[in-house]
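The values are calculated or read from the model by the stated rules, or taken from the named source; none is laboratory data. In this text the structure is predicted, and so the values were computed from the model without any measurement. Methodologically, a virtual Cβ is constructed for each residue, glycine included, from the backbone with ideal geometry; neighbour enumeration extends over all protein chains shown. In case anyone asks, the SASA skips ligands and DNA or RNA and just uses the protein heavy atoms, side chains included. Shrake-Rupley method; radii C 1.70, N 1.55, O 1.52, S 1.80 Å.
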Amino acid sequence: MARFNTDIGQFDYPNSGFNQPEELGCFSLNIKREFQDDTSQRKYFIKPSNYNNVKYDLTKGYQGMVKRDEYKTEQLDHLLKWINTHELGNMQTYFICDRGLLKRLLHTPYVKKETWKFAVTLHKGTYYFCEYHTDQKLAFIKQMTGGRDEEMCAWCFKFEQYLTASSTDSVPNPDMQYNNCEAFYTVVKSQVGSHTLVYCGEVDAVPVNPDGSKGDHYVEFKTTSYSALQRGKFKRFKLLKWWTQSVLAGVPEIVCGIRDAGIVSKLQTYKTQDIPRIAGDIPSPWKPNVCFNFLDQLLTFIKSNVTEDNPRLVHLLEFSGSDATCTRLPLDSEYAFLHRWYTH
């Protein structure tokens, strides 16, 4: 077992570099969470006329919501299908994964209470990452299921319905069936330090320009309560997570619904590039260079410890608050995730 020291001090030096993500393609997931090589789930942001005077009931239709199975790990299957479909199996890249995992890795230096676990496989010179639920995550899902917390987590999906439409010339329909299964993903390529990455991430919508044309970037939607805005935790943790999620996908703006008891009455826009400055007035603020340097060094650590090229072999990376560990597992372990339809 190899160990990776996560003490924050060793990552606070000039940024090792993060390239603006380049979009390679996209795909959709239907209500059954099935892969579709198309833009059928792409939504368009229809801006309200007055950001300071809206009334969105986020609880509307929640009882009939179609919910995804939070216990199910979809592994890398959707991204691997996209790669196969576009014949990019021989991409000259070092790391392929999901943006959700990269997001967790980026904020690890500042969010030591959140654990993570992912499998690494080296296949034809490329490292594949597949995240798995930790015991902490499973306990959270169990505690949340069926309760008030689950409903509050779902509010953002209803918020999107108030702001998006299926085409540039249609209008939002918040009476649509409430679900968190359908999704639209962008596939991007970027670089941290000397490491090239290809990953997918769900994005919420494309803005519609005043002339009715499609915008040239994506926008993310978030909600938060009036009371949360007044607390230091908002800048220390929530803005950090919003920033990592958006910067990884090259999303330049976040539209936030300010709510009270499930009713949004005001919208506020955050520019992704401005978020570190906005959060910079808290004591010992988080720093983007620390986040990127942590990821850069972790990827270097993985390359030095995972050296055998074999799709049946997995190394397990785990973090539970102190050092991260890398453990070699037996061939064909329960964490093996590259399917024969991909490797052959």
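Can you pull out the residues in segment 293-323 that are open to solvent by less than 10 Å² (accessible area, probe 1.4 Å) and out of contact with any strand residue (DSSP E or B) (no Cβ under 8 Å at 6 or more places or on another chain)? Those that are open to solvent by less than 10 Å² (accessible area, probe 1.4 Å) and out of contact with any strand residue (DSSP E or B) (no Cβ under 8 Å at 6 or more places or on another chain): Asn293, Phe294. Is it the case that Ser166 is over 18 Å from Phe27 (Cα atoms) and of a type in the set (Ser, Thr, Tyr)? It is false that Ser166 is over 18 Å from Phe27 (Cα atoms) and of a type in the set (Ser, Thr, Tyr). Residues that are open to solvent by less than 30 Å² (accessible area, probe 1.4 Å), outside any helix (DSSP H, G or I) and among the β-branched types (Val, Ile, Thr) do occur in segment 232-251, at least one of them.
All conditions but one from (1) outside any helix (DSSP H, G or I); (2) free of Cβ contacts under 8 Å to residues at least 60 places away in the same chain apply to Tyr71; the one that does not is (2). The set of residues in segment 193-224 that are part of a strand (DSSP E or B), hydroxyl-bearing (Ser, Thr, Tyr) and under 18 Å from Ile275 (Cα atoms) comprises Thr223, Thr224. For segment 78-100, does any single residue satisfy the condition of being of a type outside the set (Gly, Ala, Ser), in a loop (DSSP other than H, G, I, E, B), modelled with pLDDT of 95 or more and crowded, with 18+ Cβ neighbours inside 10 Å? Scanning segment 78-100, I find no residue that is of a type outside the set (Gly, Ala, Ser), in a loop (DSSP other than H, G, I, E, B), modelled with pLDDT of 95 or more and crowded, with 18+ Cβ neighbours inside 10 Å, so the answer is no.
Any chance segment 202-218 includes a residue that's of a type in the set (S, T, N, Q) and buried (at least 21 other Cβ atoms within 10 Å of the Cβ)?
In the first step, residues of segment 202-218 are kept if they are of a type in the set (S, T, N, Q); the result is 209, 213.
Restricting the remaining residues to those that are buried (at least 21 other Cβ atoms within 10 Å of the Cβ) gives none.
No - not one qualifying residue is present in segment 202-218.
Among Lys112, Lys142, Lys137, which is the only one that is within 30 Å of Pro21 (Cα to Cα), free of Cβ contacts under 8 Å to residues at least 24 places away in the same chain and not in a strand (DSSP E or B)?
Selected residue: Lys137, the only one of Lys112, Lys142, Lys137 that is within 30 Å of Pro21 (Cα to Cα), free of Cβ contacts under 8 Å to residues at least 24 places away in the same chain and not in a strand (DSSP E or B).
Within this structure, Leu29 fails the test of being within 17 Å of the chain's Cα centre (by Cα), under 30 Å from Val290 (Cβ atoms) and in contact (Cβ under 8 Å) with a residue 60 or more places away in the chain.
What residue, of Lys238, Lys189, Lys233, is under 19 Å from the mean Cα position of the chain (by Cα) and without any contact (Cβ under 8 Å) to a residue 24 or more places away in the chain? Working first, answer last.
Working: Lys189 fails: without any contact (Cβ under 8 Å) to a residue 24 or more places away in the chain; Lys233 fails: under 19 Å from the mean Cα position of the chain (by Cα).
Only one candidate passes the filter, namely Lys238.
Filter segment 260-275 for residues that are at pLDDT 95 or above and open to solvent by less than 30 Å² (accessible area, probe 1.4 Å) and give the result. Walk me through it before giving the result.
Going through segment 260-275, the residues at pLDDT 95 or above turn out to be 263-275.
Val264, Leu267, Tyr270, Thr272, Ile275, listed by residue number.
Evaluation of Gln36 against the conditions (1) touching a residue at least 24 places away in the same chain (Cβ under 8 Å); (2) open to solvent by less than 70 Å² (accessible area, probe 1.4 Å) shows that the sole unmet condition is (1). For segment 1-23, a residue qualifies if it is surrounded by fewer than 17 Cβ atoms within 10 Å (Cβ to Cβ) and more than 30 Å from Ser322 (Cβ to Cβ), and the qualifying residues are Asn19, Gln20, Glu22, Glu23.
Checked against the criterion of being open to solvent by 70 Å² or more (accessible area, probe 1.4 Å), over 17 Å from the mean Cα position of the chain (by Cα) and polar (S, T, N, Q), the candidates Thr224, Thr145, Thr168, Thr196 yield just one match: Thr145. Taking residues in segment 1-25 that are closer than 30 Å to His78 by Cα and without any contact (Cβ under 8 Å) to a residue 12 or more places away in the chain, and partners anywhere that are open to solvent by less than 70 Å² (accessible area, probe 1.4 Å) and not in a helix (DSSP H, G or I), not one pair has Cβ atoms closer than 6 Å while being at least 6 places apart or on different chains. Among residues that are under 24 Å from Cys97 (Cβ atoms), more than 18 Å from the chain's Cα centre (by Cα) and open to solvent by less than 10 Å² (accessible area, probe 1.4 Å), Val290 is included.
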